[in-house]
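Contents: one structure, followed by commentary.
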Amino acid sequence: MNILGIASRIKHPKFGLGVVTNVTATEYWVTFLENGLETIALNDDFEIIENCQDEVDTISLYEVERSLRSILKKWSDVSEIVPLGNKWKGGKIILNPKDTNLSSKEIPIDTFFHKIVMLRDRIRVMEQKINSNKNIADQDKVDLQQYITRMYGSLTTFNVLFKDTEQQFKGASSK
């Protein structure tokens, strides 16, 4: 059986005209003009209008999106969506001053948590910029990295707020 490449054009008896956008071991992902994205078996009945087998690189749209997300996460100031632990949702932080003549301050935990995540993401961006900077000597990079590791360590207090442990702050290992 001859496998179609990405960007091949087909005519399917049920879905009409479409373009192959991904190929797996068992099926084609085809975007049809009138029916949108559908998956069809490799051996399904369809007419080949144009086979682009050797003309395109067979990287899938999913792989492109995953790579783009990784690049944006690594090099941009865009924050990923990090879930707050369920027990904290809707809660608030109350700051009471020692002086009882002063009023308390209430902060929604969701707002506070969002600011902590933004801080973490900005530290990560700073770390990447330091590590990729050609004008900073390697020893200076190591010194700056130690400060960044200490920053993460100082922020581990807030790990209790994270729903997923893999997204928590990690300081220097005790090992």
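Listing for the model above:
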item	result
Residue in segment 133-154 that is touching a Ser or Thr at 6+ places or on another chain (Cβ under 8 Å), touching a residue at least 24 places away in the same chain (Cβ under 8 Å) and assigned to a helix (DSSP H, G or I) present	no
Hits in segment 118-171 (condition: more than 22 Å from VAL82 (Cβ to Cβ) and in contact with a Lys or Arg (Cβ under 7 Å, 6 or more places away or on another chain))	ILE130, ASN131
Qualifying residues in segment 1-35 (those that are surrounded by fewer than 18 Cβ atoms within 10 Å (Cβ to Cβ) and of a type in the set (Gly, Ala, Ser)) - the one nearest to GLU47 (Cα to Cα)	GLY16
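Each reported figure results from applying straightforward, stated rules to the coordinates on display, with no laboratory input. What you are looking at is a predicted structure, and each value in this text was computed from that prediction instead of being measured. Backbone-built Cβ (ideal geometry, glycine too); neighbour counts: all protein chains shown.
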